[in-house]
Amino acid sequence: KRRSKNDKPTLRKAIEASNGKVTLLRYSDPLGMDAYKRTAQFIIFAAIRKLWPNSEAQMNCTVGSGLYIKVSNAPDFNVKKLKSQIAKMVKKNVSLKRKTISTQDAIELFRSRGQLDKARLLEYRTSKTLSLYHYGDFADYFYGEMAPSTGFLRVWDIIPAPSGFMFIFPDALNPDNLATYKESPNF
């Protein structure tokens, strides 16, 4: 069934579409873990953009239970300041709004923000639309679902790393606790 422009998704419609089956995603579920990680990445980039609007942040690699993010063009970059900003955003529990726009509009948006690598990747996208998530005036695209709000990001830490920082995720087997991070200097 095709939705009209005014036919907004609701919880009731989602339950009807799934024949009444609702599944709670947990961090131990791969889909839940992916949604948590995407939400964390979104909040990280929103916080960096707020504190250092002219900076560039790049996810480079995962190292065990951590995600290394390189930050450049932020002369006064400070992990403590970033950690505080993310904590404020989580505490506010702001809804992450999802909006569908044309792929071409998204390409133009990312070009205008200087995110040429993201714009270039989207040029190869075959779908005519995509979903952007919004937090205030910040918007970004991640492939897949996110948590409904910033308050879902409850277990995390940030530690300094050369030219950036490591974002530490919850333990996969005990998600109420932070994962143990082991330094891997070769990475």
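For the subset of the stretch 103-131 comprising residues that are assigned to a strand (DSSP E or B) and surrounded by fewer than 17 Cβ atoms within 10 Å (Cβ to Cβ), which member is modelled with the highest pLDDT? If you could, list the steps in order and put the result at the bottom.
Initially, the stretch 103-131 is screened for residues assigned to a strand (DSSP E or B), giving 129-131.
In the following step, the residues that additionally are surrounded by fewer than 17 Cβ atoms within 10 Å (Cβ to Cβ) were identified as 129, 131.
On the way: Thr129: 90, Ser131: 87.
Among residues in the stretch 103-131 that are assigned to a strand (DSSP E or B) and surrounded by fewer than 17 Cβ atoms within 10 Å (Cβ to Cβ), the one modelled with the highest pLDDT is Thr129.
Candidates are the residues of the stretch 19-49 that are of a type in the set (Lys, Arg) and outside any helix (DSSP H, G or I); the one that is modelled with the lowest pLDDT is Lys21.
The single condition from (1) over 20 Å from Met33 (Cα atoms); (2) surrounded by 13 or more Cβ atoms within 10 Å (Cβ to Cβ) that Ile69 fails is (1). Residues in the stretch 84-102 that are open to solvent by less than 80 Å² (accessible area, probe 1.4 Å), within 16 Å of the chain's Cα centre (by Cα) and more than 30 Å from Thr126 (Cα to Cα): Gln85, Ile86, Ala87, Met89, Val90, Val94. Taken together, Asp137, Asp171 contain a single residue that is open to solvent by 30 Å² or more (accessible area, probe 1.4 Å) and in contact with a strand residue (DSSP E or B) (Cβ under 7 Å, 6 or more places away or on another chain), which is Asp171. Pairing each residue of the stretch 77-92 that is within 14 Å of Val155 (Cα to Cα) and in a helix (DSSP H, G or I) with any residue that is open to solvent by 60 Å² or more (accessible area, probe 1.4 Å) and not hydroxyl-bearing (Ser, Thr, Tyr), provided the two are 6+ apart or on different chains, yields C-beta distances under 9 Å for Met89/Lys50; Val90/Phe152; Val90/Arg154.
The values are calculated or read from the model by the stated rules, or taken from the named source; none is laboratory data. Computed from a predicted model, the values in this text were never measured in an experiment. In this analysis, Cβ positions are derived from the backbone assuming ideal geometry, glycine residues included, and neighbour counts consider all displayed protein chains. Accessible surface is based on the protein model in full, side chains and every heavy atom, while ligands, DNA and RNA are left aside. Shrake-Rupley method; radii C 1.70, N 1.55, O 1.52, S 1.80 Å.
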